[in-house]
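Asks: So that we are looking at the same thing, I have put the structure below in structure tokens.
Laboratory data are not the source of any read-out in this text; all were calculated from the coordinates shown. These numbers come from a predicted model, not from an experiment. When we count neighbours, we look across all protein chains shown, and the Cβ atoms used for this are built from the backbone with ideal geometry, even at glycine.
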Amino acid sequence: MPNPIFYKDTQGVYLGCNKAFETSTGLTKENIVGKTVYELYNKDLADIYYEADNKLFRNPGVQVYDAFMTHADGARHNVMFNKATYFNSEGHLAGLVRVILDIPSSWRTSSAGGLTY
């Protein structure tokens, strides 16, 4: 999958990711797994991610929103987060999985709050 993907447990601890996520963050899987957003991102971004994750855990399902993400080169990119909760074999909430889509700079936010190209 070319898009960055990762998954976390319900405590917000990264359990795994794909190569695209490693490349976008500039970190190896060994430096991601076992960490939280507060160990990987600046506090301003970590606060946004943490709150969104907890909102999703309180209301399991799907969540889509745009925010910024710091890439390996230090630049902040506008990205679209597509997240969904997942459940264990007993039917209990086990965590979330997130796919990240980089929003091209040619896209603009419309006055209605949606993206336009």
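Asks: Count charges around Val64 for me, please; just the other residues with Cβ under 13 Å from its Cβ, Lys/Arg as +1, Asp/Glu as -1.
Replies: Details: positive: Lys55, Lys83, Arg98; negative: Asp66.
Surrounding charge for Val64 is +2.
Asks: Sort largest first and round to whole Å: the equivalent ellipsoid semi-axes of region 1-45, each the square root of five times a Cα gyration tensor eigenvalue.
Replies: On the way: eigenvalues 53, 31, 18 Å².
Over the Cα atoms of region 1-45, the ellipsoid semi-axes are 16, 12, 9 Å.
Asks: Taking 25 °C and 0.890 mPa s as the conditions, I'd like the Stokes-Einstein D for the chain in µm²/s, using the Kirkwood hydrodynamic radius from alpha carbon pairs. Please list the in-between numbers first.
Replies: Details: Rh = 14.8 Å.
It comes out at roughly 166 µm²/s.
Asks: Using label points projected 7 Å from each Cα along Cα→Cβ, tell me how many nm separate Asn42 and Phe68, to one decimal.
Replies: A separation of 0.6 nm, rounded to one decimal place.
Asks: How big is the charge dipole of the chain about its Cα centre, in debye rounded to the nearest 20, if each Lys and Arg gets +1 on its Cβ and each Asp and Glu gets -1 on its Cβ?
Replies: Numbers: 11 positive and 12 negative charges, 34 e Å.
Value, rounded to 20: 160 debye.
Asks: To continue, here is another question. Sort Arg98, Arg58 so that the residue with the fewest other Cβ atoms within 10 Å of its own Cβ comes first and the one with the most comes last. All intermediate terms of the calculation are to be shown ahead of the outcome.
Replies: Numbers: Arg98 21, Arg58 8.
Taking fewest neighbouring Cβ atoms as first place, the list is Arg58, Arg98.
Asks: Compactness ratio of region 16-77: Cα Rg over 2.2 N^0.38 Å, N = residue count? Write down the numbers at each step before the final one.
Replies: On the way: Rg = 12.2 Å, N = 62, 2.2 N^0.38 = 10.6 Å.
Normalised by 2.2 N^0.38 Å, the Cα Rg of region 16-77 equals 1.16.
Asks: Please compute the net charge surrounding Ile100, taking Lys and Arg as +1 and Asp and Glu as -1 over other residues with Cβ under 11 Å from its Cβ. Let's see the in-between values first.
Replies: Numbers: positive: Lys83, Arg98; negative: Asp66, Asp102.
Around Ile100, the surrounding residues sum to 0.
Asks: Which is farthest toward the positive dipole end of the chain among Asn82, Val33, Phe6, measuring Cα position about the Cα centre, with Cβ charges +1 (Lys, Arg) and -1 (Asp, Glu)?
Replies: Asn82
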